[in-house]
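Data first, discussion second: the structure below is written as structure tokens.
The values are calculated or read from the model by the stated rules, or taken from the named source; none is laboratory data. The shown structure was predicted, so the numbers you read here are calculated from the model rather than taken from an experiment. We place every Cβ from the backbone using ideal geometry, glycine too, and count neighbours over all the protein chains shown. To get the accessible areas, we keep the full protein, side chains included, count just its heavy atoms, and leave off ligands, DNA and RNA. Shrake-Rupley method; radii C 1.70, N 1.55, O 1.52, S 1.80 Å.
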Amino acid sequence: MSEIYGLIRKLGATSKYKGYYYVADAVKLSMNMQERPLKITKDIYPILARKYKSTPSNIEHNIRTLVNLCWVNHKDVLEEIAGCTMDYKPTNSEFIDILAYYMYKTEDKVAQ
């Protein structure tokens, strides 16, 4: 989990944002659910809402706030992590997918 937190911090977000923890858990869940297509509103938000005693809409809002922060302040780092230039701000699910794929690639390199 510390690697995920480090990646989120690299994008300029800190633990003062609730979305910081939500994104970290969402990335971890996403990495564990690779065998099937991920439906963020059905698979991720409800799980996080139960864990953090919140609602799926609050989870979505806080993640969106974090995505906006990262997009505005560290778009260049996000593009580096994504491996391509980005013309538009990613959706919550795209953001989580970008981070999860980056973490997956990083783990692969470490394992080799």
When each pair of different Cα atoms in segment 58-103 is counted once in the 1/r mean, what is the Kirkwood radius in angstroms, to one decimal? 10.6 Å
Rounded to one decimal in Å, the inverse mean reciprocal Cα-Cα distance for segment 18-112, i.e. its Kirkwood radius, is 13.7 Å
Net length gained if the chain between Lys16 and Tyr52 were fully extended (0.36 nm per residue, minus Cα distance): 11.4 nm
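Quick one: accessible area per residue over segment 56-112, 1.4 Å probe, rounded to a whole number of Å²?
So segment 56-112 comes to 60 Å² accessible per residue, rounded to a whole number.
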In terms of Cα to Cα distance under 29 Å, which lysines are near enough to Lys18, apart from those fewer than 8 places away along the same chain? Lys10, Lys28, Lys39, Lys42, Lys51, Lys53, Lys75, Lys89, Lys105
Segment 39-112, dipole about Cα centre (Lys/Arg Cβ +1, Asp/Glu Cβ -1), debye to the nearest 20: 460 debye
Estimated [θ] at 222 nm from DSSP helical runs (n ≥ 4, -39500 (n - 2.57)) normalised by residues in the chain, nearest 500: -23000 deg cm²/dmol
In segment 10-61, if every C-alpha pair distance is counted and binned at 5 Å from zero, what percent goes to each bin? 5, 21, 30, 23, 15, 6, 1
